[in-house]
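In what follows, a structure is listed as structure tokens, so that the remarks can point back to it.
The values are calculated or read from the model by the stated rules, or taken from the named source; none is laboratory data. The structure presented is a predicted model; accordingly, all values stated were derived computationally and were not measured. In this analysis, Cβ positions are derived from the backbone assuming ideal geometry, glycine residues included, and neighbour counts consider all displayed protein chains. Please note that ligands, DNA and RNA were not included when accessible areas were found on the heavy atoms of the full protein model with its side chains. Shrake-Rupley method; radii C 1.70, N 1.55, O 1.52, S 1.80 Å.
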Amino acid sequence: MSHRSLIPLFSSANFVIGMGAFMVIGMMEPMADGLDLTTAEAGWVMTWYALAYAIGSPLLVALSGAMSRRLVISGGMLTFGIAAALAALVPVAEVVFSARFLAALGAGLVTPLAAAIVAAQSAEETRGRALASVFFGLTLAQVMGVPVGSFLAYTFGWQVSFACVAVLALPMAWLLYSRIPADLSFPVNRLGTLWSVLKDWRLMMAISFTATFLAANYVVYTYLTPLLSTTMGFERNGITFVLLIFGFGAVFGNLMGGWLTDRIGPPRTLMLLAVSQLVLLPVFSALPIPVPLLYLLTFLISICGWSFMAAQQARLVRLSPQKANVMLALNAAAIYVGAAVGSAIGGAVLSAPALGLNALGIVGALTVTSAIATLFFSRQARAPLN
């Protein structure tokens, strides 16, 4: 089976992962009520998942470096599904946090290894589009998974959203095991490979772009539901529609990112996106604004926020092809480091007496300047390879 025939399968798997990972953003308020938590405390459901992924994914990818790819990836999806079922069946805060930890470990074996397989078997001139296709499922989860999860949570209870993820994940685990070739060739990375990347400050600075770029977005995105509820007066349907617009922007942005990567190169694509976020994010501190303008702003920010992945992945594979498995695992971990840091910054902004919800946009823009800095210095350090 060629890597091209695996792309739809990997994209579908990433859809399930994306829905399970990010749907909590759209159901923060009903989950907080159901678990008897404040909104800021409920935000730690996302933060805890992000931290577990960030630590667990690179370690598990390195430790499983010599194992069959189909066994590792399908096992990761099975773990993810079991964790979702646990959260649905035992609606207690401590159990839900533990289930999110387990889910993160499973997800950390699916997304980076799928990307590494496709990247290793793609020509450089088409790698951006191939990686964008694999990542398409995660962005599609923004269109369908997150809004549907939010709607179900507000209508039937947040446990139903987790149950839906379990129903999708368990058969997907079987599909992955049955469709990925048992004899698939891949570069073997071990703990020594992980250590060699971690001690190379140039590679780590390149990877850190992902964390800093997404942290800026998650300052606002994690608390988008209470922000819209408080400043715009939106309720269930209004919030769900904004999340749907955000999702369509994510899908369009993912495809645009692959196209830009293959035409102007990864570094220029990433700089263009970071500067765009620097300009757009502060508008969220100006809410309330006319509803049509809010829809347009949401769409544009989502495009820019989700166009970066194909460019960043292609850039990292170009920097160190033989360490692609570990590099992409660390990059996937950086996604959740960024989500965790952004969520934590956003929570601190909400808790600060002098700040609050309307400061989120400005703080997000200030955070994106660190992404621009990491991109600039990593390019200077490895200019010939970028």
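From the set of residues in region 52-82 that are open to solvent by less than 10 Å² (accessible area, probe 1.4 Å) and within 23 Å of Ala348 (Cβ to Cβ), which is farthest from the chain's Cα centre (by Cα)? Step by step, filter region 52-82, then rank; the result is Ala52. Quick check, is Thr126 surrounded by fewer than 17 Cβ atoms within 10 Å (Cβ to Cβ) and either of a type in the set (Ser, Thr, Tyr) or assigned to a loop (DSSP other than H, G, I, E, B) (or both)? For Thr126, the condition - surrounded by fewer than 17 Cβ atoms within 10 Å (Cβ to Cβ) and either of a type in the set (Ser, Thr, Tyr) or assigned to a loop (DSSP other than H, G, I, E, B) (or both) - is met.
Scanning region 32-51 for residues that are of a type in the set (A, V, I, L, M) and open to solvent by 10 Å² or more (accessible area, probe 1.4 Å), we see that the one that is nearest to Phe80 (Cα to Cα) is Leu51. Of the residues making up region 229-245, those that are of a type outside the set (Val, Ile, Thr), in contact with a Leu (Cβ under 8 Å, 6 or more places away or on another chain) and in a helix (DSSP H, G or I) are Gly238, Leu243.
Look at Leu270 and say whether it is touching a residue at least 40 places away in the same chain (Cβ under 8 Å), in a helix (DSSP H, G or I) and surrounded by fewer than 24 Cβ atoms within 10 Å (Cβ to Cβ). Taking the combined requirement at face value, the residue does not satisfy it. Looking only at region 254-265, which residues are in a helix (DSSP H, G or I) and out of contact with any Gly (no Cβ under 7 Å at 6 or more places or on another chain)? If the condition is that a residue be in a helix (DSSP H, G or I) and out of contact with any Gly (no Cβ under 7 Å at 6 or more places or on another chain), then Asn254, Leu255, Met256, Gly257, Trp259, Leu260, Arg263, Ile264 are the ones that fit.
Pairing each residue of region 48-60 that is among the hydroxyl-bearing types (Ser, Thr, Tyr) with any residue that is in a helix (DSSP H, G or I) and at pLDDT 85 or above, provided the two are 6+ apart or on different chains, yields C-beta distances under 6 Å for Tyr49/Arg100; Tyr49/Ala104; Tyr53/Ala104; Tyr53/Gly108; Ser57/Gly108.
Inside region 76-95, residues that are in a helix (DSSP H, G or I) and farther than 19 Å from Gly18 by Cβ make up a count of 5. One residue stands out among those in region 206-241 that are aromatic (Phe, Trp, Tyr) and either under 15 Å from Pro288 (Cα atoms) or at pLDDT 85 or above (or both): the one that is surrounded by the fewest Cβ atoms within 10 Å (Cβ to Cβ), which is Phe241.
When region 1-31 is limited to residues that are among the small types (Gly, Ala, Ser) and surrounded by fewer than 20 Cβ atoms within 10 Å (Cβ to Cβ), the one that is nearest to the chain's Cα centre (by Cα) turns out to be Ser12. Exactly one residue out of Ser343, Ser370, Ser285 is open to solvent by less than 10 Å² (accessible area, probe 1.4 Å) and either assigned to a helix (DSSP H, G or I) or modelled with pLDDT under 85 (or both): that is Ser343. Which count do you get for residues in region 147-158 that are in a helix (DSSP H, G or I), modelled with pLDDT of 85 or more and either β-branched (Val, Ile, Thr) or surrounded by fewer than 19 Cβ atoms within 10 Å (Cβ to Cβ) (or both)? Count: 2. Looking at Leu214, Leu184, Leu170, just one residue is farther than 20 Å from Ala107 by Cα and either outside any helix (DSSP H, G or I) or not aromatic (Phe, Trp, Tyr) (or both), and that residue is Leu184. For first residues located in region 360-386 and over 16 Å from Tyr218 (Cβ atoms), partners that are at pLDDT 80 or above and of a type in the set (S, T, N, Q) and lie 6+ apart or on another chain with Cβ distances below 7 Å form the pairs Thr374/Ser208; Thr374/Thr212.
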